[in-house]
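To keep things clear, I will list the structure first and then write my remarks on it.
The values are calculated or read from the model by the stated rules, or taken from the named source; none is laboratory data. All of these numbers come straight from a predicted model, not from anything done at the bench. Cβ placement follows ideal geometry from the backbone for every residue including glycine, while neighbour counts extend to all protein chains displayed.
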Amino acid sequence: MASAGSGDEKATAAAAMITLISSDSERFEVPEAAATLSQTIRHMIEDGCTDGGIPLPNVTGKILAKVLEYCNKHAPATADGEASSSSSPAAAAAESSSSAFVDVDQATLYDLILAANYLDVKGLLDIVCKKVADMIRGKSVEEIRRAFSIQNDFTPEEEEIR
């Protein structure tokens, strides 16, 4: 009998929807299983801060939509508590789709890093940081500066030593 009750509780939890509110007041209805991939949101839910929606003042609607796309795609694999094997075909397909997911312009990539860090979505933070690492790998200092529009930060004296 107890297992039937816990099954009902799981069905209710899976069906629970959470409202997230971006910094530009866009509202997003998402399944709780997807929303709780974010440790920040998980803690807000645990603290009972969901009345009227959860405000996320550091994330725009455009970026929150992208974060939620990631969370919705990855929630089912995580919601049942089973970690997928990295050698499985499903894991290889997820890796491939993750690469495509982060093929965005630099400004969006930067905003995704900030949002993934703020929302504490580890898997997303890992793939966006990997993308930046891949962009840097094998490049000279000058190539990296050009790629990321970084001004030379050396003083004239430091430049002479270089």
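Tabulated results
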quantity: Some residue of the stretch 65-85 being within 14 Å of the chain's Cα centre (by Cα), among the basic types (Lys, Arg), at pLDDT 95 or above and closer than 20 Å to Asp126 by Cβ; calculated: yes
quantity: Complete set of residues in the stretch 113-127 that are part of a helix (DSSP H, G or I) and either within 8 Å of the chain's Cα centre (by Cα) or among the basic types (Lys, Arg) (or both); calculated: Ile113, Ala115, Ala116, Asn117, Leu119, Lys122, Gly123, Leu124, Leu125
quantity: Filter result (under 15 Å from the mean Cα position of the chain (by Cα) and part of a helix (DSSP H, G or I)) within the stretch 18-63; calculated: Ala33, Ala34, Ala35, Gln39, Thr40, Ile41, Arg42, Gly61, Lys62, Ile63
quantity: Selected residue (criterion: surrounded by the fewest Cβ atoms within 10 Å (Cβ to Cβ)) from residues of the stretch 28-52 that are without any contact (Cβ under 8 Å) to a residue 40 or more places away in the chain and hydrophobic (A, V, I, L, M, F, W, C); calculated: Cys49
